[in-house]
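*Asks:* Quick one: the structure is below, questions incoming.
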Amino acid sequence: MNILVTGATGNFGRYALKVLQDLVPEDNLYGLARTEEKGAKLKEAGIKVRIGDYTDSVSLQRAFKGIDRLLFVSSTTDGDRQAQHRDVVEAAGVSYIAYTSFGKATESTSPLAADHQFTEQLIEESGIAHTFLRNNWYLENEAAFLAAGAKGGKFIYAGGNGQAGWALRREYAEVAARAVSGKFDFPEILELGGSLRTYEDLGAALRGATGKDLEVISADEATAAKNLVENAGVPQNVAELLVSFQQIVKSGALAVQPDDFEKYLGKPLTPMVDAIKEVLG
């Protein structure tokens, strides 16, 4: 049973492959990379590499030859994401797909959900057995805000009273690895996320992680971005982008009650204080 992980040179894919190395024989494990150069480190880690690009359907058909189970890590939002995802699904020819999707994808009105709605439908229509891993929000998405708070003494956010199910990226990736391994029972749809929290809750956990009596401040986007520039060394354009992500939380799109993350992870989630310490590094 051959397993292939797409996006294998990214953080999520690398985490998933590392877990899979402990779950399945390495002879059956493959990672997808866009070029030989990008796949070099995977080979060093003992992973067989297939070369393919989401924008090149012929390369995908070659890469997926002989593959039984696919961990399909969604592409970035650069380019025509729906066309890229169509190429992947049409080229797959596998018995099972685990796909990294978005919370309540078929119901969500968030702009981020549309491409995932499209892809979930493609997979459904393909008849391929699947699990839609509807991932909530990576704690790493808030890394700059946490770092700025730890340094400047003020955790300033622009996400209002929105809630998210923050957890570490590696924990989402481990569930994905377990799903595609074929060694565990997984449902067709899995809403994945930690306990729902607000930014106020996140700020309180940051106090615990740093041992500092930080101020936790709800502010407008400009103020939150300024704090990132001044205390996290983030360029203005990047700060504005990061703050825009918090508007997704503010909209309520991530206030999705999760399924039993820990059941499918096979162990407890990292407590939030410890998770923040890990992100702060």
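*Asks:* Mind telling me which of the residues 203, 208, 153 ends up being of a type outside the set (S, T, N, Q), over 16 Å from the mean Cα position of the chain (by Cα) and at positive phi?
*Replies:* The conditions single out 153.
*Asks:* Can I ask one more? Pairs under 6 Å by beta carbon, first residue over 16 Å from residue 16 (Cβ atoms) in the stretch 32-43, partner open to solvent by less than 100 Å² (accessible area, probe 1.4 Å) and of a type in the set (D, E, K, R), six or more apart or different chains?
*Replies:* Here the result reads 34/53, each pair linking the stretch 32-43 to a residue that is open to solvent by less than 100 Å² (accessible area, probe 1.4 Å) and of a type in the set (D, E, K, R).
*Asks:* Would you confirm whether or not the stretch 188-199 contains a residue that is in contact (Cβ under 8 Å) with a residue 40 or more places away in the chain, in contact with a Ser or Thr (Cβ under 8 Å, 6 or more places away or on another chain), surrounded by fewer than 20 Cβ atoms within 10 Å (Cβ to Cβ) and closer than 30 Å to residue 128 by Cα?
*Replies:* yes
*Asks:* Kindly list, by first and then second residue, each pair from a residue in the stretch 73-90 that is closer than 20 Å to residue 176 by Cα to a residue that is of a type in the set (S, T, N, Q) and open to solvent by less than 70 Å² (accessible area, probe 1.4 Å), limited to pairs with Cβ atoms under 6 Å and residues at least 6 apart or on different chains.
*Replies:* Cβ pairs passing all conditions: 73/6; 73/100; 74/100; 75/84; 85/119; 89/126.
*Asks:* Identify the single condition in (1) in contact (Cβ under 8 Å) with a residue 24 or more places away in the chain; (2) within 22 Å of the chain's Cα centre (by Cα); (3) farther than 16 Å from residue 172 by Cβ that residue 228 does not satisfy, given that it satisfies every other one.
*Replies:* (2)
*Asks:* Name the residue that is most open to solvent (accessible area, probe 1.4 Å), counting only residues in the stretch 1-10 that are touching a Leu at 6+ places or on another chain (Cβ under 8 Å) and small (Gly, Ala, Ser).
*Replies:* Top of the filtered list is 7.
*Asks:* Any idea which residue in the stretch 99-141 is surrounded by the most Cβ atoms within 10 Å (Cβ to Cβ), counting only those that are within 19 Å of residue 255 (Cβ to Cβ) and among the hydroxyl-bearing types (Ser, Thr, Tyr)?
*Replies:* 101
*Asks:* What's the total number of residues in the stretch 237-263 that are farther than 22 Å from residue 223 by Cβ and part of a helix (DSSP H, G or I)?
*Replies:* The total comes to 3.
*Asks:* Scanning for something open to solvent by 70 Å² or more (accessible area, probe 1.4 Å), at pLDDT 95 or above and of a type in the set (Gly, Ala, Ser), does the stretch 237-249 turn up at least one residue?
*Replies:* No, the stretch 237-249 has no match at all.
*Asks:* From the list 107, 124, exactly one residue is at pLDDT 95 or above, more than 19 Å from the chain's Cα centre (by Cα) and over 19 Å from residue 5 (Cβ atoms). Which is it?
*Replies:* Answer to the selection: 124.
*Asks:* Right, here's the next one. Looking at (1) closer than 30 Å to residue 24 by Cβ; (2) crowded, with 17+ Cβ neighbours inside 10 Å, which is the only condition residue 216 fails?
*Replies:* Evaluating residue 216 over (1) closer than 30 Å to residue 24 by Cβ; (2) crowded, with 17+ Cβ neighbours inside 10 Å leaves (1) as the failure.
*Asks:* Go over the candidates 149, 208 one by one and state the one that is open to solvent by 40 Å² or more (accessible area, probe 1.4 Å) and in a helix (DSSP H, G or I).
*Replies:* 208
*Asks:* Mind counting the residues in the stretch 11-31 that are free of Cβ contacts under 8 Å to residues at least 40 places away in the same chain and open to solvent by less than 60 Å² (accessible area, probe 1.4 Å)?
*Replies:* Residues in the stretch 11-31 being free of Cβ contacts under 8 Å to residues at least 40 places away in the same chain and open to solvent by less than 60 Å² (accessible area, probe 1.4 Å): 5 in total.
*Asks:* OK, next. Does the stretch 4-29 hold any residues that are touching a Gly at 6+ places or on another chain (Cβ under 9 Å) and farther than 19 Å from residue 170 by Cα, and which are they?
*Replies:* 26
*Asks:* Still on this structure: I'd like to check something: does the stretch 246-263 contain any residue that is over 27 Å from residue 99 (Cα atoms), of a type outside the set (Gly, Ala, Ser) and in contact with a helix residue (DSSP H, G or I) (Cβ under 7 Å, 6 or more places away or on another chain)?
*Replies:* Checking the stretch 246-263: not a single residue is over 27 Å from residue 99 (Cα atoms), of a type outside the set (Gly, Ala, Ser) and in contact with a helix residue (DSSP H, G or I) (Cβ under 7 Å, 6 or more places away or on another chain).
The values are calculated or read from the model by the stated rules, or taken from the named source; none is laboratory data. Here the structure is a predicted model, which is why all the values come from computation and not from measurement. All Cβ positions, glycine included, derive from the backbone under ideal geometry; neighbour counts span all protein chains shown. The protein model used for the area step is the full one, side chains on, heavy atoms only, and it has no ligands, DNA or RNA in it. Shrake-Rupley method; radii C 1.70, N 1.55, O 1.52, S 1.80 Å.
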